[in-house]
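Here is the structure we will look at, set down as structure tokens.
The values are calculated or read from the model by the stated rules, or taken from the named source; none is laboratory data. Treat the numbers as computed from the prediction; the structure is a model and nothing was measured. Cβ coordinates were reconstructed from backbone atoms using ideal geometry, including for glycine residues, and neighbour counts include every protein chain displayed.
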Amino acid sequence: MPILHTEAITLRRRRGREADALVTLFTRRAGKIIASTRGVLKTTSRYAGVTQPFNHLNVILYAKVQEQEIWTLTQVSLVESFDAVQGDLKRIAWASCLAEWIEAFSGDFESNLAVWDLLLDTLRGWNRREPTEEELIQCQWRLLVSAGLQPNLHHCHRCGGRESSAWYYLPADGCLACAACVHQGLRLGHGAIQALRRMTGPAPAPLIRLTPQQKNEIRRLLLTHVEYHTGVRLRSPLFLEQLDF
Ligand SMILES: [Zn+2]
């Protein structure tokens, strides 16, 4: 019977049968794993608080066979909690967006230490200070790179030009075309593309501040790109827009 002892962070928790819950964990040793937890939603359960999203845990999981889709969480202990994230609606929204992206890009049982470190470092940072959309975008970009799915922002897919007053994103190609070559699709100003190039280059600029319009354009670009290339319908952008950050 396979048993896994590992550090984990809860990405999401949803209701299972009766008072059971299904938790989606990102584990240090084995990437994404869905686990069931018996009776965790009862108020008397000692695991109720500890399995809520964004806690850093030590867990022991088991399954009857390795390929089992849902494992069983048998033991869990708290390593580190991020109280400032869990207690603030705005930070929950940012963290949920990051968690959703990690879930969309991670295959079950695929260990990825770069993603593990990104998640842990980001939660620690957002526990100390307010998240920014620029940080979220840089995290999203690193996830795209980790999955080999980043769009090509360097030049026009049609003519090779690097400068244009406006750009159009071409989902099927995962590329941009300049305004001289294409006149339809998702339009982005040159400022947004220049900022994104600087934020995601080999030596990313840490202190770029985007205008609200640039944030909006980049958010739509990333959302369109991810939904097109993963087939996953993301829920968190809607949540972020409703809260109007
Ligand atoms: Zn062009």
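Quick check on this structure: which one of THR51, THR10 is crowded, with 17+ Cβ neighbours inside 10 Å, outside any strand (DSSP E or B) and under 21 Å from the mean Cα position of the chain (by Cα)?
Only one candidate passes the filter, namely THR51.
Could we say that LEU78 is in the same structural domain as ILE9 (by TED's automatic domain parsing), modelled with pLDDT of 90 or more and away from the ligand (no atom under 16 Å from the Cβ) here?
Against the criterion (in the same structural domain as ILE9 (by TED's automatic domain parsing), modelled with pLDDT of 90 or more and away from the ligand (no atom under 16 Å from the Cβ)), LEU78 qualifies.
Yes or no: ARG219 away from the ligand (no atom under 16 Å from the Cβ), surrounded by fewer than 16 Cβ atoms within 10 Å (Cβ to Cβ) and among the basic types (Lys, Arg)?
Criteria not met by ARG219.
Cβ-Cβ below 6 Å, separation at least six or inter-chain, first residue in the stretch 35-62 and under 18 Å from VAL79 (Cα atoms), second in a loop (DSSP other than H, G, I, E, B): which pairs?
These pairs meet every condition: TYR47/VAL40; ALA48/VAL40; THR51/VAL40; PHE54/PHE82; ASN55/SER81.
Could you pull out the residue among LEU153, LEU149, LEU123 that is at pLDDT 95 or above and hydrophobic (A, V, I, L, M, F, W, C)?
It is LEU123.
For the subset of the stretch 185-198 comprising residues that are without any contact (Cβ under 8 Å) to a residue 24 or more places away in the chain and touching a Leu at 6+ places or on another chain (Cβ under 9 Å), which member is nearest to the ligand (Cβ to nearest atom)?
Only one residue tops the list, namely GLY185.
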